[in-house]
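Engineer: Below you will find the structure I want to go over with you.
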Amino acid sequence: MLYNQLTQSQIDNLWHLLEYSQLHQLNNLRKSFPEIIKKRDLELYRNNVLEFIMLNEIEIEDLFDWLNTLKQDSNNTIVHMEFSTIESKKKINFAELSRKFNNTSLKILDISRNEIEKPIFSLVNNIKNEIELTLVVPARKLKEEKQNFPINNNRKTLIQQPALYFIYIWFDFSQKSITFSLPSTKEYFSIWDVTTKKNLPDILTRKTIDFLEDIIGDIELTSPNWVNKALRDITNEYYYHNNSEIELELENISKNKKMFESSNENDVIEEYFSTLSPIFNNEVTLQRIKNAIDKVIEKELTAHFGLNPCRHPFEVFLQEVNKGDTTFKSRNGSTNHDMKNLPSLSTRDTILSILDSSSLKVLGLKYYSDTNETVPYKFICKDNWFILEQTNETGTTKELVKNVLTEFKAYKGSEPISNTRTK
């Protein structure tokens with residue numbers, strides 16, 4: 001199908017969809033069609049793409065994938081969840097689910113922003129054990145209306161206009177996981193009849209799950225209980241001293257402690273602190289004192305021998321507790337590329353104590369890929385899913401997002417930090 005074969009409604013939809021395209025998305029289209037004249041000005045660039053299409057230089061079907069993924073590589077908020085069953089079946093019928101999604105889909109150019117009343121799938125892709133979906137939902141944007149006011153009058157009039165909002169969904173049946181990619185909602189007045197900005201990712205996630213369940217049956221989500229341990233392991237790894245001299249000295253100290261304890265009838269630490277105050281004379285308190293002494297020993301050894309830099313997939317840079325009322329910024333110097341100041345063990349211990357108290361609300365994790373691509377996320381843990389909220393405006397490709405999730409979920413069965421890290 002060519003441009004001159006489109007209906008007027010499809011042409012209107014095409015023009016509207018092009019308004020969502022940004023420079024990097026237009027550049028991606030140009031990789032397949034280098035004849036398109038590149039422009040620095042966004043509007044001129046879009047016009048050149050439209051002119052290329054209107055001259056029948058491209059099959060309309062060749063545009064569908066690009067149009068469907070226009071917002072996929074933006075600075076999206078990622079929501080990740082795991083499930084045990086779908087429609088009470090542990091074994092998922094992949095072909096049947098795919099058929100159900102296809103039966104409720106429309107081609108992207110047949111979805112009008114002026115007529116859409118309920119969500120509709122515009123793309124259903126099957127890739128090995130995955131189904132990738134583009135869900136288009138009705139939305140409204142605020143746009144400034146041009147007025148013939150005097151030049152010195154700064155009044156603005158905003159009007160609501162129908163719009164489309166894209167939700168990207170990835171079913172991974174080998175991992176039994178579902179991932180939602182939610183583009184920025186900043187420019188929208190309402191999405192799917194929701195006007196509040198508070199907890200919007202949670203609201204859109206719940207509405208999307210309900211919509212999916214209406215099509216394929218109940219989805220039994222599993223609570224991500226493993227996340228707290230994963231965050232502990234990431235924190236320990238990031239703040240690990242990576243010094244074999246410290247490991248050796250800690251081993252020697254441990255041996256000496258055992259020898260000393262075996263040669264004495266009473267526990268010297270227990271005896272000493274119990275005599276200081278009866279408050280200390282209980283097992284729990286004495287164990288905390290022993291743990292604190294071990295931490296002091298490690299800090300003194302670190303101060304003496306020093307820290308060695310090593311690569312981590314994640315940098316810890318932010319900690320929030322008590323619903324954001326308290327923010328503990330754990331960035332104190334170290335990144336994977338700047339080793340002038342190295343992370344402190346005091347910071348590590350503070351984060352671990354917050355994790356132990358289960359008051360964690362937000363943890364900042366900056367991901368470093370093997371190709372030195374970086375993306376900072378606020379990690380927000382919920383009862384049935386976790387959210388990765390990007391903290392900058394940089395676009396992030398689907399492949400990089402999947403790498404972040406893969407690296408993070410690798411900690412689900414990770415081993416404790418040991419001196420093998422120094423190798």
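The values are calculated or read from the model by the stated rules, or taken from the named source; none is laboratory data. Predicted model only: the values in this text are computed from it and were never measured. Glycine also receives a Cβ, built like all others from the backbone with ideal geometry; neighbour counts cover every protein chain displayed. Heavy atoms of the whole protein, side chains included, go into the accessibility calculation; ligands, DNA and RNA do not. Shrake-Rupley method; radii C 1.70, N 1.55, O 1.52, S 1.80 Å.
Engineer: Highest GNM mean-square fluctuation, the chain, Cα pairs closer than 10 Å: which of 369, 262, 112?
Structural biologist: Per the Cα network of the chain with a 10 Å cutoff, 262 tops the list.
Engineer: Round to the nearest 10 and give me the degree value, 0 to 90, for the angle of helix 227-238's Cα axis relative to the longest principal axis of the chain.
Structural biologist: 70
Engineer: Continuing with this model, one more query. What whole-number value in Å² describes the accessible area per residue of the chain for a 1.4 Å probe? Can you show the working numbers first?
Structural biologist: Details: 23350 Å² over 423 residues.
I get 55 Å² per residue for the chain.
Engineer: Report in % the part of the accessible area of the chain that belongs to carbon and sulfur, leaving out ligands and nucleic acids; probe 1.4 Å. Don't skip to the end; give the middle numbers.
Structural biologist: Details: 11210 of 23350 Å².
Exposed carbon and sulfur together represent 48 percent of the surface.
Engineer: Classify segment 78-218: rounded, prolate or oblate, from the alpha-carbon gyration tensor (a ≥ b ≥ c, eigenvalue square roots; a/c under 1.5 rounded; otherwise prolate if a/b is larger than b/c)? Can you show the working numbers first?
Structural biologist: Numbers: a/c = 3.19, a/b = 2.31, b/c = 1.38.
Prolate, since a/c reaches 1.5 and a/b exceeds b/c.
Engineer: Once you order the gyration tensor axes a ≥ b ≥ c over the Cα atoms, which shape class does segment 146-261 get: rounded for a/c under 1.5, otherwise prolate or oblate by comparing a/b with b/c? Mind dumping the intermediate values first?
Structural biologist: Numbers: a/c = 4.65, a/b = 1.95, b/c = 2.38.
Taking the square roots of the gyration eigenvalues as a ≥ b ≥ c, segment 146-261 is oblate.
Engineer: Still on this structure, please answer the following. Which values of log₁₀ I(q)/I(0), to two decimal places, follow from the Debye formula for segment 1-97 at q = 0.12, 0.17 Å⁻¹ with a uniform point scatterer at every Cα?
Structural biologist: -0.53, -0.78
Engineer: Can you give the accessible area of residue 7, probe radius 1.4 Å, in Å² rounded to 10?
Structural biologist: Answer for residue 7: close to 70 Å² accessible.
Engineer: Just to be sure I understand: with springs between alpha-carbon atoms less than 10 Å apart, which residue in 16, 80, 241 has the highest mean-square fluctuation in the Gaussian network model of the chain?
Structural biologist: Sorting by GNM fluctuation, first place goes to 16.
Engineer: Taking each pair of different alpha-carbon atoms in the chain once, compute 1/r for the pair, average those values, and report the inverse of that mean as the Kirkwood hydrodynamic radius in Å to one decimal.
Structural biologist: Working: mean 1/r = 0.0393 Å⁻¹.
This gives a value of 25.4 Å.
Engineer: For a quick check, take a GNM of the chain with Cα springs below 10 Å and name the residue from 252, 56, 228 with the largest mean-square fluctuation.
Structural biologist: Maximum among the listed residues: 252.
Engineer: Roll a 1.4 Å probe over the protein heavy atoms and report the accessible area of residue 226 in Å², nearest 10.
Structural biologist: 40
Engineer: Let me ask something else about it. Any chance you could get the radius of gyration and Dmax over the Cα atoms of segment 1-54, in Å?
Structural biologist: So, for segment 1-54, Rg and Dmax equal 11.2, 31 Å respectively.
Engineer: Once ligands and nucleic acids are excluded and a 1.4 Å probe is used, how much of residue 61 is accessible, expressed in Å² to the nearest 10?
Structural biologist: Here the accessible area works out near 80 Å².
Engineer: Just in segment 67-152: which trypsin sites (Lys or Arg not before Pro) are loop by DSSP and have at most 11 other Cβ atoms within 10 Å?
Structural biologist: Working: sites: 71, 89, 90, 91, 99, 100, 107, 113, 128, 140, 141, 143, 146; in loops: 71, 90, 91, 107, 113, 128, 146.
Sparse-neighbourhood loop trypsin sites (Lys or Arg not before Pro): 90, 91, 128, 146.
Engineer: For the pair residue 142 and residue 196, what calculated FRET efficiency results from E = 1/(1 + (r/R0)^6), where r is the Cβ-Cβ distance and R0 = 22 Å, to the nearest 0.05? Each step should come with its number before you reach the end.
Structural biologist: On the way: r = 15 Å, r/R0 = 0.68.
E between residue 196 and residue 142, to the nearest 0.05, is 0.90.
Engineer: Under a crude label model (7 Å from the Cα following the beta-carbon direction), how far is residue 159 from residue 184 in nanometres?
Structural biologist: So the label points at residue 159 and residue 184 sit 2.5 nm apart.
Engineer: Another question, if that's okay. Going by alpha carbons, how many degrees (0 to 90, nearest 10) lie between the helix axis of 94-103 and the longest principal axis of the chain?
Structural biologist: Relative to the chain, helix 94-103 is tipped by roughly 40 degrees.
Engineer: Here's another thing I want to ask about it. Calculate for the chain the 222 nm mean residue ellipticity that helices alone would give, adding -39,500 (n - 2.57) per DSSP H run of length 4 or more and normalising by residue count, nearest 500 deg cm²/dmol. Write down the numbers at each step before the final one.
Structural biologist: On the way: 12 runs with 153 residues, N = 423.
Value at 222 nm, helices only, nearest 500: -11500 deg cm²/dmol.
Engineer: Using a/c under 1.5 as the rounded threshold, could you call segment 23-78 rounded, prolate or oblate? The axes a ≥ b ≥ c are square roots of the C-alpha gyration tensor eigenvalues, and prolate needs a/b larger than b/c, oblate otherwise. Intermediate values should be presented prior to the final figure.
Structural biologist: Details: a/c = 2.30, a/b = 1.38, b/c = 1.67.
Here segment 23-78 falls in the oblate category.
Engineer: How much FRET efficiency would the formula 1/(1 + (r/R0)^6) give for residue 114 and residue 382, where r is the Cβ-Cβ distance and R0 is 41 Å, rounded to 0.05?
Structural biologist: Working: r = 35 Å, r/R0 = 0.85.
FRET efficiency, residue 114 to residue 382: 0.70.
Engineer: Once both axes come from the Cα atoms, what is the angle between helix 200-216 and the longest principal axis of the chain, in degrees from 0 to 90, rounded to 10?
Structural biologist: The answer is roughly 70 degrees.
Engineer: Rg/Rh for segment 61-120: what does it come to with C-alpha atoms and Rh from Kirkwood?
Structural biologist: On the way: Rg = 15.4 Å, Rh = 14.8 Å.
Across segment 61-120, the Cα-based Rg/Rh ratio is 1.04.
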